[in-house]
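K.L.:
Submitted below is the structure of interest, expressed as structure tokens.
The values are calculated or read from the model by the stated rules, or taken from the named source; none is laboratory data. It should be emphasised that the depicted structure is a prediction, and the values quoted were computed from it without experimental measurement. In this analysis, Cβ positions are derived from the backbone assuming ideal geometry, glycine residues included, and neighbour counts consider all displayed protein chains. In case anyone asks, the SASA skips ligands and DNA or RNA and just uses the protein heavy atoms, side chains included. Shrake-Rupley method; radii C 1.70, N 1.55, O 1.52, S 1.80 Å.
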Amino acid sequence: MHDDQTAMLDWRDGVIPVSTRFDDPYFSLNGGLEETRHVFLAGNDLPARLRPGFHVAELGFGTGLNMLALALAAEGHGPIRFTSFEAFPMSAAEIARALANFPEARAIADPFVGAWDKGARLFTLGPLAVEVKIGDARDLLPAWEDQADAWFLDGFSPAKNPELWSPDLMAEVARHTTSQGTAATYTAAGFVRRGLAEAGFTVERRPGFAGKRHMTIAWMGA
């Protein structure tokens, strides 16, 4: 894999991976796992909605922390499908180093890290059947022949990575969402909310995590 297709990282304080391409950290040490639960799980009314065959999709795989949080929440609800789109994948060693900050997630991560290190992008993690699609979501998503019941929209900051939040891509997210599907994201940027609304979602701002003013949830239908 060419260097321009992999993550380019600095490590803040030796523990927080920061994308040098987008000048944005992958997570906050201020409750990163709890933020995932607040934004992406609760924002999609999970695990309450989970059922066998439920399909979660994600823009921005990063360290896999959201996937691990879902795996922890989905015990007893499986099998659950999880598809993520990632343009610049981290190495297994980088992922393991980052996840060391989150012992609860790291405790179940070995099958994932081991599979990732062998180049596997299709693997099982507890109740999850995982597929990580490597490449630009703007190219991959239009060709994807599936739909998700819930979306985790977790690209880098819209100010740093606007391509992953464009109206065209939000329209593709909507096109690949089931009729009762939902989406959640940590950002409440106006152009993101407008893009989701124009794509057909009903959009609502909610209180963000730990002092962040707002996040966004969205759902199909009225």
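K.L.:
Among Ile108, Ile80, Ile95, which one shows the biggest mean-square fluctuation in a GNM of the chain, springs joining Cα atoms closer than 10 Å?
P.N.:
The residue with the greatest mean-square fluctuation here is Ile108.
K.L.:
Follow-up. Using only alpha carbon pairs under 8 Å that are at least six residues apart, calculate the relative contact order of the range 138-222 and give it in whole percent.
P.N.:
Normalised by residue count, the contact order of the range 138-222 is 30 percent.
K.L.:
May I ask you to work out the translational diffusion coefficient for the range 166-222 at 37 °C, viscosity 0.692 mPa s, via Stokes-Einstein with Rh from the Kirkwood sum over Cα pairs, reported in whole µm²/s?
P.N.:
Estimated via Stokes-Einstein, D reaches 292 µm²/s.
K.L.:
Could you pull the Cα extents of the range 140-203 along its three principal axes, largest to smallest, in whole Å?
P.N.:
29, 24, 18
K.L.:
Accessible area of Asp168, 1.4 Å probe, to the nearest 10 Å²?
P.N.:
Asp168 exposes around 120 Å² with every protein chain in place.
K.L.:
Can you tell me the FRET efficiency between Gln180 and Ala159 if r is taken as the Cβ-Cβ distance and R0 is 30 Å, rounded to the nearest 0.05? Intermediate values should be presented prior to the final figure.
P.N.:
Values: r = 32 Å, r/R0 = 1.06.
Step by step, r from the Cβ atoms, then E = 0.40.
K.L.:
Choose one of Ala129, Pro89, Pro103: the residue whose Cα lies farthest towards the positive end of the charge dipole of the chain (beta-carbon charges +1 Lys, Arg; -1 Asp, Glu; about the Cα centre).
P.N.:
Value: Pro103.
K.L.:
May I ask for the net charge around Gly195, where only other residues with Cβ less than 14 Å from the Cβ of Gly195 are counted and Lys, Arg are +1 while Asp, Glu are -1?
P.N.:
Every neighbour counted, the sum reads 0.
K.L.:
In the chain, what is the volume of the convex hull around the alpha carbon atoms, normalised per residue and reported in Å³?
P.N.:
112 Å³
K.L.:
Taking 2.2 N^0.38 Å as the expected size of a compact globular protein, what ratio does the Cα radius of gyration of the range 71-134 give against it, to two decimals?
P.N.:
For the range 71-134, the normalised Cα radius of gyration comes out at 1.09.
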